[in-house]
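Heads up: the structure comes next, in structure tokens.
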Amino acid sequence: MSDTEVAGLRDAVQSLDLTTRRVLTLHYAEGLTRTEVAMVLDLTDRRVEEILAALRAFASARLGVGAARHECHEPDSSDADTGALAGSN
């Protein structure tokens, strides 16, 4: 990854609200399941899935990353709110 790409990724992550950054870190960096993330952050399982779906859409739109399927993703997000990055808990 080039310095420019790293800076862009850092800026993109910093633009997210705190809850979304925590979900991102716990799920993708720490490897927690959606249910585990929900328990740690005192969110519903459904809310965590909405945030994860919004993160995938964000990555696709902002970073030009394809919507690659994460192995922990559970396929029930077809109606997820793309406004989930707004940060409502």
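Each reported figure results from applying straightforward, stated rules to the coordinates on display, with no laboratory input. Nothing here was measured: the structure is a model prediction, and the numbers come from that model. Note: ideal-geometry Cβ built from the backbone for every residue, glycine included; neighbour counts use all protein chains shown.
Take 16-27, 46-57, 1-12 and order them by the average number of nearby Cβ atoms within 10 Å per residue, most first; the result is 46-57, 16-27, 1-12. Mean projected area of the Cα convex hull of the stretch 6-54, taken over all directions, amounts to 3.3 nm².
Within the shell of other residues whose beta carbon sits under 11 angstrom from the beta carbon of VAL37, the net charge comes to -2, with Lys and Arg scored +1 and Asp and Glu -1.
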